[in-house]
1. Write out the GluC sites (Glu not before Pro) in the range 201-302 meeting two conditions: DSSP loop, and at most 14 other Cβ atoms within 10 Å of their Cβ.
2. Rounded if a/c is under 1.5, else prolate if a/b is larger than b/c, else oblate: which is the range 189-257, with a ≥ b ≥ c the root eigenvalues of its Cα gyration tensor?
3. Determine the alpha carbon to alpha carbon distance for each of Lys86/Lys212; Lys194/Lys353; Lys116/Lys332 and list only those over 31 Å.
4. By count of other Cβ within 10 Å, fewest leading, how are Ser182, Ser245 ordered?
5. To the nearest 0.05, what FRET efficiency results for Glu367 and Asp270 with a Förster distance of 41 Å applied to their C-beta separation?
6. What is the calculated FRET efficiency for Val186 to Ala111, with r their C-beta to C-beta distance and R₀ = 35 Å, to the nearest 0.05?
7. Mind giving me the FRET efficiency for Lys141 and Arg338? R0 is 35 Å, r the Cβ-Cβ distance, nearest 0.05 is fine.
8. Cut-off is 10 Å between beta-carbons; in what order do Met51, Met142 appear when sorted fewest neighbours first?
Amino acid sequence: MSELIHLSARILNTALLLEPGYACTAISGIANRLGVVALQDGDQLLNAQQMETRAAGYQAGRDRDRPYQVVEGAAILPVSGSLVHKSGNLRPFSGTTGYDGIIGRAADAFADPDVKGVLLDNDTPGGEVAGCFDTARSLRKMADESGKPLWAACWDMNCSAGMALASAANRRLITQTGIAGSIGVVMAHASYEKQLEAAGIKVTLIHSGAQKANGNPYQDLSADVLAQFQQSSDQLRLEFAELVSAHTGISVGAILEMEAATYRGQEAVDAGLADDVINGHEIVAHFVEHLSTQGRTITIGATMAEETLPAPQATEPASAPAAAVPDAAADKQAERTRIAGILSHPSAEGRGKLANHLALNTDLSVEAAAAVLAEAEQQRDSANMETALDSMMAGQDLEVGADTAGEGADAETDMVGQVMGAWKAATGAT
């Protein structure tokens, strides 16, 4: 209410430097907000409907100032530079793009009646974790609810957080020199302990709470704190992989096995991270042509199916039984915790391939997998050993999953024996 009082004080009963015709139109545009029901314009008395018509008529034939470019129905949203949580700007600014700006522009574009589809023009190495996953999910939700296609173009970098956003698109294009991928997590810690010691400076941290000062720059990381940071990074990487998997159809295991690698051009297509290689200067024209046919593009993993159909109407997703949701969520969280526990276990160091196999292709508990890893000699000739191990594992019938569910410790012990037998046969260990 206070905002309306402030607005009326600035519009009514005060001198304005406005062209008279537009002054009448401007007041007509905000009349409903100020409670104005009639307006005297010279000898003409305008009622509420006439004022609304006059205000709308002023906008007819004029392009509004959009925070994105529109080319023949295609809204182009630049996503460039470092990605940050809250920049407070709609457009990329000073080498960064804010997730809030991306969502603001996308929401405007999907609601714009002149826009038939939205294209993310990505050239970013990634950025902050905060806000990234929410932005990716919101982009997919807006596209689904509007019935308008969302495409992403990697011209010429689409890595890490940028890959998370691109995964939300119905179709992903990449240039021949474009770089995509890096589905992983990086964390840096700088320790000035030795430098301060050499300079004769001693820093005393006074804190309440044993973990309050974890990661401070005045001390080297202890083994316990390093393990905590590693576990947190592994968990976040798993969630990243699950996000990309849900949007693209690539399995979580396949994404984790990429080990956060980057892929150029056709390599990205082969890996399933992009759908087609295209000349960057032809991306917009290609998208416009797609929109002109009202075609719909559906991503199923790396396989694209395209057909000419009217844009679908948004529908409400079917609701799962209320009692089933908590159980499914709990099971999913337990599985994620198990996988992360195996991959981050100290015994997995130097035995990454075996750890991945135990985490993703068996139902072994963290303790049982750790026992297998502890038995395994640290990989020295990893290429040869992993190839042999893969071959042996592929030929083993380990009977994991539902068939062994509920058999308790005996089943898990048997499974450990089978895995160890395969490993020893592959590596020649005794």
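1. Numbers: sites: Glu239, Glu242, Glu257, Glu259, Glu267, Glu282, Glu289; in loops: Glu259.
Loop-located and lightly packed - Glu259.
2. Working: a/c = 4.42, a/b = 2.90, b/c = 1.52.
Prolate, since a/c reaches 1.5 and a/b exceeds b/c.
3. Details: Lys86/Lys212 26 Å; Lys194/Lys353 36 Å; Lys116/Lys332 37 Å.
Beyond 31 Å: Lys194/Lys353; Lys116/Lys332.
4. On the way: Ser182 22, Ser245 19.
The most exposed by this proxy come first: Ser245, Ser182.
5. With a Förster radius of 41 Å, E is 0.65.
6. Numbers: r = 36 Å, r/R0 = 1.03.
It comes to 0.45.
7. Values: r = 29 Å, r/R0 = 0.84.
So, using R0 = 35 Å, E works out to roughly 0.75.
8. Values: Met51 23, Met142 19.
Ascending number of Cβ neighbours within 10 Å: Met142, Met51.
Coordinate-derived values only; no laboratory data. These figures come from a predicted structure and were not determined experimentally. Reconstructed Cβ throughout: ideal geometry from the backbone, glycine too, with neighbour counts over all protein chains shown.
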